[in-house]
Structure formats: C-alpha cells, structure tokens
Amino acid sequence: MNKPLQDALKWIIGVLEDNKITYQITGGFAAHIYGSTREVNDIDIDISEGSFQIILEDVRSKIVYGPCRYQDAKWDLQLMTLNYTPLTQVCNSRWDIVENYRSVMLSVLFHKG
C-alpha cells in the first residue's frame, strides 16, 4: 500500500475512532485487504447516517462532494467525498481538487441505522 493511501486511512480511522463511530471499510480497498491485486484509488467507508453530524467538523476542510443524497438505478444513499490533499477554492465557490498525484479520495457512505 502506498504512503498517501496509508496516511489517508490513518487520518480517517483516527477521526472515526476518536469519535467512537463504528465503520466498515468497503469497495476496492476492502478487496485489497483480502488479497485482490486491483489497484486501489480510493477508500470507501460505511458509517451510520446518524454519525455524520459527529464527524462533520473534523472533516469539513476536506469535503469535495456532498454531503447529499445520491440516487440512481442501483443506489440510494447519503454520500460525502473527502480528499486527503490540499484544496483550492475557485471563483464559482465550488471546491476543486488540487492536481496532485498523492491525492486520496475517501467516500463516506451513510446508511440508515
């Protein structure tokens, strides 16, 4: 596992554990833990919807998407995407990712529970 991915994982797990939030790592990163050789580009984490407000202040500076409800033919969930790199604010007031190969995206999925 590359260092930026390790750093991002340590950071988000620290936030979750400091706030005593139960979480589940899912997606490609979870598959990697079980031996998949697929390249890992992000970390997907599932937490209860009620836990969102608890971590919001700790992660606010890294939010690049959401939090909002995401719905399509397959999914219906609350989603927030975090970027564990510096961000820059552009003139349309949207947060955009600084181009940086060390960027690690973290998708936090909120389920009802």
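The number of residues in the stretch 1-32 being assigned to a helix (DSSP H, G or I), touching a strand residue (DSSP E or B) at 6+ places or on another chain (Cβ under 7 Å) and among the β-branched types (Val, Ile, Thr) comes to 1. Of the listed requirements (1) over 12 Å from the mean Cα position of the chain (by Cα); (2) at pLDDT below 85, Asp58 misses just one: (2). Screening the candidates Asn83, Asn41 for the property of being modelled with pLDDT under 90, under 15 Å from Ser107 (Cβ atoms) and touching a Lys or Arg at 6+ places or on another chain (Cβ under 8 Å) yields one hit, Asn83.
Of all residues in the stretch 19-41, count the ones that are more than 15 Å from the chain's Cα centre (by Cα) and surrounded by 15 or more Cβ atoms within 10 Å (Cβ to Cβ).
Step one: of the stretch 19-41, the residues more than 15 Å from the chain's Cα centre (by Cα) are 19-20, 31-39.
Next, only the ones that are surrounded by 15 or more Cβ atoms within 10 Å (Cβ to Cβ) stay: 32.
Counting residues in the stretch 19-41 that are more than 15 Å from the chain's Cα centre (by Cα) and surrounded by 15 or more Cβ atoms within 10 Å (Cβ to Cβ) gives 1.
The residues in the stretch 43-74 that are of a type outside the set (A, V, I, L, M), farther than 12 Å from Val15 by Cα and in contact with a strand residue (DSSP E or B) (Cβ under 9 Å, 6 or more places away or on another chain) can be counted, and the count is 14.
In summary, Asp72 fulfils each of the numbered conditions (1) farther than 13 Å from Ser107 by Cα; (2) surrounded by 14 or more Cβ atoms within 10 Å (Cβ to Cβ) with the single exception of condition (2). Beta carbons closer than 8 Å, at least 6 apart along the sequence or on distinct chains, pair a first residue in the stretch 71-83 that is touching a residue at least 24 places away in the same chain (Cβ under 8 Å) and on the phi < 0 side of the Ramachandran plot with a second that is buried (at least 17 other Cβ atoms within 10 Å of the Cβ) and of a type in the set (D, E, K, R) for Leu82/Lys62. In summary, Asp44 fulfils each of the numbered conditions (1) buried (at least 16 other Cβ atoms within 10 Å of the Cβ); (2) in a loop (DSSP other than H, G, I, E, B); (3) among the charged types (D, E, K, R) with the single exception of condition (2).
The values are calculated or read from the model by the stated rules, or taken from the named source; none is laboratory data. All figures in this text were calculated on a predicted structure; none of them were measured in a lab. We place every Cβ from the backbone using ideal geometry, glycine too, and count neighbours over all the protein chains shown.
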